[in-house]
Amino acid sequence: MDVTLHLAQDPEADALLGRSPLAALTGMLLDQQIPMEWAFKGPRTIADRLGAGDLDAHEIAAMDPEAFAALLSEKPAVHRYPGSMAKRVQQLCRYLVEHYDGDAEAVWKDAGSGAELLKRLEDLPGFGRQKAQIFLALLGKQLGVAPAGWREAAGAYGEPGSHRSVADITGPDSLARVRAHKQEMKAAAKAAKTARK
């Protein structure tokens, strides 16, 4: 895996995401309740604070939980909720150590179908169906991981030419289009909620 991603909108953070399967998974895990760029910059910040060039699932899984939470809490914090997200990152790393010998890429490397890959992603701690589908779409659209049926398994996120999620962001223009789509969806959900009252 060595591609150029544009999710953090920061060259060094994006370079790590493009070459490190664990960094990409961790960024996706962190992508909730904070701006996307902040979430995807997180893996690079964690690696820097560990004094490493990459994330290591074995190392993170074995760290003292309080020390790891403190690492994510340092200013600027890696997430709005650094303590709870530190737990989630460690849970993800422990799962990868237990099930994939710490190799994040093994989650998708030999998946025989899109449905199988979606199931593997959904089994990861912190990955619900939507997050799993978005990450599956990112794998298929930008990381060259395209088992048979991946678009169908990714649902609407797998549609070619869509601008729904991080899977579709390749630069500032597509980022603006994804943001616009999300704002439209929020406005529609708000209008539907108001109509039900």
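For the chain, the relative contact order comes to 16 percent (Cα pairs under 8 Å, sequence separation of at least 6). log₁₀ I(q)/I(0) of the stretch 99-197 at q = 0.13, 0.16, 0.17 Å⁻¹, via Debye over equal Cα point scatterers, no solvent, to two decimals? Results for the stretch 99-197 at q = 0.13, 0.16, 0.17 Å⁻¹ read -0.52, -0.72, -0.78. In summary, no aspartates and glutamates lie within cross-link reach of Lys197, defined as a Cα separation below 19 angstrom excluding same-chain residues under 8 places away.
Can you list the trypsin sites (Lys or Arg not before Pro) in the stretch 69-114 that are in a DSSP coil and have 15 or fewer other beta carbons within 10 angstrom? Provide the component values of the computation, followed by the final result.
Numbers: sites: Arg80, Lys87, Arg88, Arg94, Lys109; in loops: Arg80.
The qualifying sites are Arg80.
Share of the chain's accessible area from carbon and sulfur, percent, 1.4 Å? Exposed carbon and sulfur together represent 51 percent of the surface. Here the Karplus relation 6.51 cos²θ - 1.76 cosθ + 1.60, evaluated at θ = phi - 60°, turns the backbone of the stretch 97-103 into coupling constants of 5, 5, 9, 9, 6, x, 9 Hz, with x for every Gly and Pro. All Cα-Cα separations within the stretch 1-61 were binned at 5 Å from zero, giving a P(r) of 4, 23, 33, 26, 12, 2, each value a whole percent of the pairs. With all protein chains kept in place, the per residue accessible area of the chain amounts to 48 square angstrom at a probe of 1.4 angstrom.
Here the calculated FRET efficiency for Ala195 and Gln130, from their Cβ-Cβ distance with R0 = 22 Å, stands at 0.40, rounded to the nearest 0.05. Counting only protein chain heavy atoms and rolling a 1.4 Å probe, the accessible areas of Asp123, Asp101 rank, largest first, as Asp101, Asp123. A 25 angstrom limit on the alpha carbon distance is what I want to check against. Which of Lys131/Lys182; Lys41/Lys141; Lys131/Lys190; Lys75/Lys119 exceed it? Checking Cα-Cα distances, Lys75/Lys119 exceed 25 Å.
Relative to its residue count, the stretch 1-111 spans a Cα convex hull of 92 Å³ per residue. If you wrap the Cα atoms of the chain in a convex hull and average its projected area over all directions, you get 11.5 nm².
The values are calculated or read from the model by the stated rules, or taken from the named source; none is laboratory data. Everything numeric here is computed off the predicted structure, so don't read it as measured data. As a convention, Cβ positions derive from the backbone with ideal geometry for all residues, glycine included, and neighbour counts pool all protein chains shown. The accessibility values were calculated without ligands, DNA or RNA, using every heavy atom of the protein model including side chains. Shrake-Rupley method; radii C 1.70, N 1.55, O 1.52, S 1.80 Å.
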